[in-house]
Ligand SMILES: Cc1ncc(COP(=O)(O)O)c(C=O)c1O
């Protein structure tokens, strides 16, 4: 049986309460809007991409604790990463939140992302956790249209 | 409850249901004995779907065990028996909503399909370019989108009755909307996201003064208040079986016979025809004209069993119990500083939508779930309502007659837990 504290880990509660990089990025050259119609999570991601490197990344929007902290944590992880590294981290994150319940995934090399491993026991919340990441990918592709987790 | 129950014979009998013993009633619902995450289930999501009494579950099981055959098609014993049970169920529904005739009761999949049926059959035939259809600001998407599509197709216009901050429809605005272009009014009787009980009778009277037909979405109403379609004088009435303690996949379209008769079929195929040659098809009479193909026989019979169950309940006592639950939950939730209740209509069903300062409803839902408490969070398929109140979503506790004050106490402790976690 999964414990509630596995989902709402301290790090998540902290990022929810005081989200990092919660602002509009002034001279960003990439952005995207994400929306989860199921729960009304709504997010904007701003990226300043320079020579294929994420020089700055920030977000704004409204959503549940999982989606907000996921966006916040993501911005702290991706700053300074290349486009390719960001895409790899997306795959990794996706695996963290969707791998089958009970499967023993090696969490040791996931770093900060491991705090979201509890989400996999709450299928309804996977979309909350991944909205920021999907939106980030769209921003990198510079798809300005609305991304949706539906 | 405007009409007194007339079943005096049952009133006198020693039926525990009629004395309204909520603990006894809970025994009739097997799922209410379940443990969820190590805690007894507190089921407060009745507006999404209601639980089923054992009598409904058994009826469906018995049907498949003893009676299964196709209806209206065979001369053999089982087919005749199944047809009889299916049609008997139609009769029970006719009595339940007090329709004039059983031919006014059409079996469909649910409220959604019933509205789609009226929109595509009645709507396509009668709505023309420049016409107007009136709905309200608190409709479920099921009573918005079919009309929107129809209006788009016919270049007609959708008009919306606004509501106040307390979530009551503005009837003076409604009257201003009515004009010679208005061809149909479609309104929800009880709002699933706000709990408001709308004055549909008044709305219908106003429309009928201009000979405009009215469809009432009764999806949330049938389980809470006595519905009498003759008294309402509505032209169409729709509801779903699963929100009335019956099975999923079955619902009802009631339509006045003279309207249904004039309407073209919605789907075509078997059962809905009287005679088919390759040159021409003569359609069957109502209601069969609207029931193409093999229907949800078990569902229809199961819904009949649900109505039988409700018949044994004293609806006055049910209403009183539900009002108690509403008052108690409103009181207890108002005591919590961070809670804001959305929907404060004077006339309200036992449903309470709320938001918590700085905490998203989804997080409320997950934490309550860990306490075995099932509520709904989200926009409840009423996104325009959320837009009206400038919120992304709400948490909603919706009660049925089998809920108790102890369960509301658990909800309140759960909310305090939510506040602790995110405090
Ligand atoms: C007011 C209202 N109308 C229509 C519906 C649609 O019912 P169903 O999904 O059973 O077709 C619902 C159910 O959520 C409802 O609450």
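Numbers at a glance
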| read-out | value |
| --- | --- |
| Cβ-Cβ FRET estimate between residue B:177 and residue B:58, R0 fixed at 45 Å, reported to 0.05 | 0.40 |
| Region A:4-141: relative contact order as a whole-number percent, Cα under 8 Å and 6+ apart | 30 percent |
| Average beta-carbon neighbours from other chains, 10 Å sphere, peptide A:115-125 | 1 |
| Virtual spin-label span in nm between residue A:91 and residue B:335, 7 Å along Cα→Cβ | 5.5 nm |
| Mean Cβ count within 10 Å, highest first, over the residues of peptides B:141-147, B:411-417, A:80-86, B:359-365 | B:359-365, B:141-147, B:411-417, A:80-86 |
| Cα centroid separation - region A:118-136 against region B:197-231, whole Å | 42 Å |
| Reduced Cα scattering model of the protein assembly as shown, Debye log10 I(q)/I(0), q = 0.05, 0.06 Å⁻¹ | -0.25, -0.36 |
| Intensity falloff of region B:286-368 expressed as log10 I(q)/I(0), Debye formula with alpha-carbon point scatterers, at q = 0.16, 0.18, 0.21, 0.27 Å⁻¹ | -0.83, -0.88, -0.98, -1.29 |
| Inter-label distance for residue B:21 and residue A:18, nm, one decimal - labels placed 7 Å from Cα along Cα-to-Cβ | 5.8 nm |
| Equivalent ellipsoid, chain B (semi-axes from 5 times Cα gyration tensor eigenvalues, Å) | 35, 29, 19 |
| Highest average packing first - B:93-102, B:180-189, A:69-78, Cβ atoms within 10 Å | A:69-78, B:180-189, B:93-102 |
| Packing-based order for B:391-401, B:294-304, using average beta carbon neighbours within 10 Å, highest first | B:391-401, B:294-304 |
| Between region B:384-423 and region B:76-136, the alpha-carbon center distance in angstrom | 34 Å |
| Relative contact order (percent, whole number), chain B, Cα cutoff 8 Å, 6+ residue spacing | 23 percent |
| Shielding of B:360-371 by partner chains, average beta-carbon count, 10 Å | 6 |
| Averaged over A:8-17, number of beta-carbon atoms from partner chains that fall within 10 Å | 2 |
| Mean ellipticity per residue at 222 nm, deg cm²/dmol - from DSSP H runs of n ≥ 4 across the protein assembly as shown, formula -39500 (n - 2.57) | -11000 deg cm²/dmol |
| Debye log10 I(q)/I(0) for chain A, one point scatterer per Cα, at q = 0.16, 0.19 Å⁻¹ | -0.80, -1.13 |
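Values quoted throughout were computed directly from the atomic coordinates according to the rules given, and no laboratory measurement underlies them. Please read these numbers as outputs of a predicted model, since none were measured by experiment. Because the Cβ atoms are built from the backbone with ideal geometry, glycine has one as well, and the counts that use them run over all protein chains shown.
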